[in-house]
Amino acid sequence: MEATSAPAEHAAGPPALATTVSDPADLEREAALADLFDRHYASMLRLAVLLGADDPENVVAEAYYQIYRKWRRLRDAEAAEAYLRSTVCNLTRMRIRHLQVARKHAETPPTEVVASAESTALLQDDQRVLINALQQLPARQREALVLRHWLGLKESEIAAAMGISCGSVKTHTSRGIAALTQAMEARR
């Protein structure tokens, strides 16, 4: 009786990695995310900068990664922009909170914070005063004002992005405007 030999592919070692044809749903997801990236990357980067992220590019990249991972669970592809905006807000808030805790427990006092090149390019001289006053606001007031006045979102969209009620959005917005007005008038 003749001995059977191993198939040729096993005799020579592991099979070569073949390119796999992607699932049509994966191709659709890739195309939708590429379109989302093309249309909204710059505005999401601006949002992260205006909310005070020290590393806005990483915040936005993480937001896109999270939406990529959860794409199949999105109820409506049209909600992707709102989900992305909400994720950028949340990640920025978490990053700022993390940095505050890290700085609180740091051995040496932090050195002067240097703005990123992107931050500097986005801000004109006449805007710097306003941005400095904006950075002094509490985080929720700053978020409400940026989402309302820089992105032009409706109260319901802001509430969804921040995870608060519409009444809270009105409160944070009005208190933020009052504080900015006071800071700008005090400067004169």
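Laboratory data are not the source of any read-out in this text; all were calculated from the coordinates shown. Here the structure is a predicted model, which is why all the values come from computation and not from measurement. Don't worry about glycine lacking a Cβ; one is built from the backbone with ideal geometry, like all the others, and counts go over all protein chains shown.
Of note:
- Note on Glu57/Ile177: beta-carbon distance plugged into 1/(1 + (r/R0)^6) with R0 of 30 Å gives a FRET efficiency of 0.55.
- Positive minus negative residues near Asn90 (Lys, Arg vs Asp, Glu; Cβ under 11 Å): +2
- Segment Met94-Ala34, extension gain: residue separation times 0.36 nm, minus the distance between their alpha carbons: 19.0 nm
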